[in-house]
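Only the coordinates and a few stated rules stand behind these numbers; no lab work does. Fair warning: this is a prediction, and the values are worked out from it, not measured in the lab. Quick reminder, even Gly has a Cβ in these numbers, built from the backbone with ideal geometry, and neighbours come from all protein chains shown.
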Amino acid sequence: MPYVNIRITDEGVTASQKAELIAGVTDLLQRVLKKNPATTVVVIDEIATDNWGINGEQVTTLRKK
């Protein structure tokens with residue numbers, strides 16, 4: 001049973017975009033690794049930009065620059 005965890009910042013990703021990601025990852029695992037879509041789990045975590053850091057700075061701060 002494949003488990004895929006996608007982590008993104010919470011910056012306006014729509015339900016439709018999330019559905020496309022889930023379907024696309026599921027399809028990719030089926031095509032490349034022959035995994036059964038019925039047992040493939042995809043989880044999307046949205047992280048606040050205050051909780052995501054790059055190069056020692058919060059993404060919230062970087063976005064303001």
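The table for this structure:
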item: Residues with amide H under 5 Å from that of ILE47, placed H, sequence gap 5 or more; result: ILE8, THR9, ASP10
item: Net charge, PRO2 excluded, C-beta distance under 15 Å - Lys, Arg +1, Asp, Glu -1; result: +2
item: Label-point separation in nm, VAL13 to ASP27, each point 7 Å along Cα→Cβ; result: 1.8
item: Charge context of ILE44, other residues only, Cβ under 12 angstrom, K/R +1, D/E -1; result: -2
item: Rounded to whole Hz, the Karplus (6.51, -1.76, 1.60) HN-Hα couplings of the range 22-28, x for glycine and proline; result: 4, 5, x, 5, 4, 4, 4
item: ³J(HN,Hα), Karplus 6.51/-1.76/1.60, whole Hz, each residue of the range 37-48, x for Gly, Pro; result: x, 5, 10, 8, 10, 10, 10, 10, 9, 9, 10, 4
item: Sites TYR3 and ALA48 - FRET efficiency at Förster radius 30 Å, r taken between beta-carbons, to 0.05; result: 0.80
item: Counting DSSP beta bridges with both ends in the chain, the antiparallel % (nearest 5); result: 20
item: Lys, Arg +1 and Asp, Glu -1 on Cβ, resulting dipole of the chain about Cα centre, debye, nearest 20; result: 260
item: Charge dipole (the chain, unit charges on Cβ, about Cα centre) - positive-most of ALA38, VAL59, LEU21; result: ALA38
item: Amide H contacts under 5 Å for VAL42, placed H, 5+ residues apart; result: VAL4
